[in-house]
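Structure first, then comments.
Derivation of every value follows stated rules applied to the coordinates shown; laboratory data play no part. For clarity, every value in this text was computed on a predicted model and none was experimentally measured. When we count neighbours, we look across all protein chains shown, and the Cβ atoms used for this are built from the backbone with ideal geometry, even at glycine.
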Amino acid sequence: MKPFRLLHLLLLFIRLAVAQQIIDIWQTTWDSSNLFTHVPMSSPVNFVTPGPVANADVVVSDSVVFQQIDGIGASLTDSSALILSNLKNTNWNAYWSLLNHMFNTTYGANAAGFSYIRIPIGASDFSANLYSFDDVGGDTSFSSFNVNNAPSYLFAVLSDIMTINTRVKVHVLPWSPPGWMKDSDTMNGGNLLTQYYNIYPTYLLKAVQGFWNKGIPIYAISIQNEPQNTNPTYPTCTISSNVEAQLGNTLRSLLNSNGFGNVKIVAYDHNWDNAATYPEQVLQNAYNAFSGASFHCYAGSVSNQQAFYNAYPAKELYFTECSGTFGTDWWNDVKWYMDNIFIGSLQNWARTALMWNLALDGSGNPKLPGTNSCGAQGCRAVVTVNNDGTYVLNQEFWAMAQASKAIIPKDPGGPFGQRIGVTVNGAMSWALRVGAYVVNRANSADWKQYSLVVLNWNDNTAGAWNPQPVAATIEFRGQQASYTFPVGVTTLWWFAP
Ligand SMILES: *[C@@H]1O[C@H](CO)[C@@H](O)[C@H](O)[C@H]1NC(C)=O
């Protein structure tokens, strides 16, 4: 070969090697023809010298880096653990393949890589019975405190999840203090009695210690699930923002002096609608005790999170709970989840995006006897597990997986994604809802991963069903790629220095 031709080839090779390319695309389409499917590509989508912009022009601004993302996930309630534990007994292979599909974070694996689990301290509306970690009335020294009051299947399933995802973050929180500490004398409804304000935080410390002693490090603890929820049919407890601040201050000192200074304390854990009042009041009275606040979807709108962020920009936001109910439309749900939670809550500063029950049966059971949660329709979990050892991944799973894939580490032990700037311009900009993330590398010399999560919800014309793909351009550092998004959710990425 002539030296000239060799040099030419060499230069061509360097040019190709340096240009950014999209080679990985995971997709869920409105008609379920793709369900978190790794889309085969005959050739990569290259970033090239820009041509004309499309009617939907996605502009990625990687110089604008926002919050760290901790992970996508759900709650491992007692009921979820029981359902999964039963699956392990009836169909061992299905159980492990399901856990792998949900929690394996290996790059390129056909798995969502869920990385954040929320666990009730004591009973919730998804437990077999009412219990706390100390049900001996008046035991203010907590000599009868025992985390093993929680069912053994809870710890067994959690342990299995932790063998698949060793870095899963665990966030614990009570649905109620023990009944004997309350004016209702039961975990259902009522208020914490004043005389226990200084004692109850020790119960929460002991819960963190109890999990730790079982080999489960705690990432975060909330003071109370839904402190403004007064439902008397399951464990709830009304706690004012002043009292939550006081409990948080005391718990912070206890955690710090017992070697748990890294455990985050999170305020509120309730609906979007009061994001500008309750959690802000907590932070006013206990700024240093709390890492931030967490939010649920059942009232208000995701944009309410912005109010808390504006008031406390140095604090953290978590989106921690939303539940589907049976009988709703699959694709409408996927759209709503992406818009409001798996793109929307992250866009509004959340570091997590979690659904409620990880697993339940086809009627949304088992539930705490007598609870009215989710009404007659029943709560739909991330996965529905049937008695015969089969399971169905619900719309919640596909929406979560599309988001999770964009932010899980590229490298084993490597960092999770951070949100970066992105806008959509052009006449068709309304048709795409986009989140953008950078996943840094374990070795900073390696190229970073730049991920997009794109919802194309261009599915009707004047109210008549008419799903239309959207031909888009993607702008990145003065280069441009072109991709046509089908109606559905697409997660794709490329690498760059
Ligand atoms: C995770 O997935 C990868 C790739 O499929 C596989 O090699 C690995 O064994 C899985 N991890 C576990 C703990 O099962």
> What is the percent of Cα-Cα separations in segment 101-200 that go past 24 Å?
Replying inline: 36
> So which of LYS405/LYS448; LYS169/LYS448; LYS182/LYS214; LYS214/LYS264; LYS206/LYS264 end up more than 26 Å apart by C-alpha?
Replying inline: LYS182/LYS214
> According to the Cα gyration tensor, what semi-axes, each the square root of 5 times an eigenvalue, does the equivalent ellipsoid of segment 149-293 have, listed from largest to smallest in whole Å?
Replying inline: 24, 18, 15
> Can you list the HN-Hα couplings for segment 365-381, worked out from phi with the Karplus curve (6.51, -1.76, 1.60; θ = phi - 60°), rounded to whole Hz and with x for Gly and Pro?
Replying inline: 10, x, 10, 4, x, x, 6, 9, 4, 6, x, 6, 5, x, 6, 8, 8
>> For the chain, take every pair of Cα atoms, bin their distances at 10 Å starting from 0, and report each bin as a whole percent.
In response: 4, 19, 29, 25, 14, 6, 2, 1, 0, 0
>> Which order do the peptides 248-258, 232-242, 70-80 come out in when sorted by mean C-beta neighbours inside 10 angstrom, highest first?
In response: 70-80, 232-242, 248-258
> Cα centroids of segment 381-450 and segment 115-154: how far apart, whole angstrom?
Replying inline: 33
>> Can you compute 3J(HN,Hα) from phi for each residue in segment 200-210, using the Karplus curve 6.51 cos²θ - 1.76 cosθ + 1.60 with θ = phi - 60°, rounded to whole Hz and x for Gly and Pro?
In response: 4, x, 5, 4, 5, 4, 5, 5, 4, 4, x
>> As a test, work out the antiparallel percent of DSSP beta bridges whose residues both lie in the chain, rounded to the nearest 5.
In response: 60
> How large is ³J(HN,Hα) for each residue in segment 77-93, as worked out from phi by the Karplus curve 6.51 cos²θ - 1.76 cosθ + 1.60 (θ = phi - 60°), to whole Hz, x for Gly and Pro?
Replying inline: 6, 4, 5, 4, 5, 5, 4, 5, 4, 5, 4, 4, 6, 8, 8, 3, 5
>> Give the separation of the Cα centroids, segment 279-341 to segment 183-232, in Å.
In response: 21
>> With angles folded into 0 to 90 degrees, how steeply does helix 152-164 sit against the dominant principal axis of the chain? Use alpha carbons for both and round to 10.
In response: 20
>> So for the chain, averaging the separation of alpha carbon pairs under 8 Å that are six or more residues apart and normalising by length, what relative contact order in percent results?
In response: 22
>> I want to check the label-to-label distance for ASN149 and ASN387. Put each point 7 Å from Cα in the C-beta direction and report it in nm to one decimal.
In response: 3.2
> Between GLY71 and residues 5 or more places away or on another chain, which pairs have amide H atoms under 5 Å apart, with H built 1.01 Å from N, and which residues are they?
Replying inline: ALA353
